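Notes to accompany the following structure.
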Amino acid sequence: MDEEHIVQGLVDLIFKAETQLPTDVLDALIEYEKKETGIAKIQLQTMIKNAKIAAETKRPICQDTGVQTFFITVGEDFQYVGRLKSLIKKAVKQATETIPLRPNTFDVFTKKNHKDNIGAYIPAITWDFTAGSDVTITAVPKGGGSENMSKLVMLKPGVGLQGVKDFVVETMIQAGGNPCPPTVVGLGVGGGADLAMKLGKFALLRPVGHRHPDKKIAQLEEDLIQDINQSGIGPMGLGGKTTVLDVHVEHAPRHPASLPVGLVVQCWADRRATMILHNEGTYEVK
């Protein structure tokens, strides 16, 4: 396997995630812009223009290029799995210089900037495995403004789905304009505290407008979209009908004594891109 070739592919992946808003997100912004008036309409028009200029000029969509975050599904027959982590770190360092990316990794204790977007456990990588020999790598740059609005709660099981709804709506109302709405909300329900948050972030990988295949969960998503948008917070918190572009829910079985809910917020620039890496070392960035 030509490692430098793979590193370049990973840099291409990060570049696309940082500079090209996914079509589903851009389409959603355009559709919601048609429904707005006044300052809300102007804000959405500005976001759409920003995304188009970023793609045309090959520059990051936002000055906050985020913490580099990857979700990886490895085919069990892929023969170079042991090298992937080091190649991703190398690609992040290279991308920081060449795209460029803002250095966003600070030491918790010394406040020293690592200057290369690398550190302990960073870039953040979530691994999964499947049949076959291909590897699917999705890059999700995660900005600080939206991440700051993410929240975990351990609800009492007795509150049921209504309790989950109330938590989500109240949290998003309290967030106001801080996460740069209209947002995409990922919601993880069940599991434990750590798994609920991980499921919330994983939920962000689903394209905007795609409902969960389970009809009950799909209805929950639609209810939450309606309730959050009725808050009137609007684009950038300046008022309007569009506070959230979508809500995606993922779930896991819970302990009978707890109901964990992890809420992860993504700003209007719902950045992500995917790379398919083949066993022989070729790749496609989508």
(message) Looking only at segment 97-116, how many residues end up being aliphatic (A, V, I, L, M) and surrounded by 11 or more Cβ atoms within 10 Å (Cβ to Cβ)?
(response) 2
(message) Any residue at all in segment 28-37 that's among the basic types (Lys, Arg) and touching a Lys or Arg at 6+ places or on another chain (Cβ under 7 Å)?
(response) yes
(request) Output the helices (runs of 4 or more DSSP H) that fall wholly within segment 1-98 and possess 3 or more residues being closer than 28 Å to Thr130 by Cα and touching a strand residue (DSSP E or B) at 6+ places or on another chain (Cβ under 6 Å), or say none. (result) 3-19
(request) Hand me the list of strands (runs of 3 or more DSSP E) wholly inside segment 114-209 holding 3 or more residues that are touching a helix residue (DSSP H, G or I) at 6+ places or on another chain (Cβ under 6 Å) and not hydroxyl-bearing (Ser, Thr, Tyr). (result) 151-155, 183-191
(request) Have a look at Glu56, Glu36, Glu18, Glu31 and point out the one that is modelled with pLDDT of 95 or more and more than 23 Å from the chain's Cα centre (by Cα). (result) Glu36
(request) Could you list, in sequence order, all residues of segment 250-273 that are over 20 Å from Thr183 (Cα atoms) and assigned to a strand (DSSP E or B)? (result) His251, Ala252, Pro253, Arg254, Leu259, Pro260
(message) Tell me the residue from Val92, Val74, Val135, Val140 that is surrounded by 12 or more Cβ atoms within 10 Å (Cβ to Cβ), touching a Ser or Thr at 6+ places or on another chain (Cβ under 6 Å) and at pLDDT 95 or above, please.
(response) Val140
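The values are calculated or read from the model by the stated rules, or taken from the named source; none is laboratory data. Everything numeric here is computed off the predicted structure, so don't read it as measured data. Backbone-built Cβ (ideal geometry, glycine too); neighbour counts: all protein chains shown.
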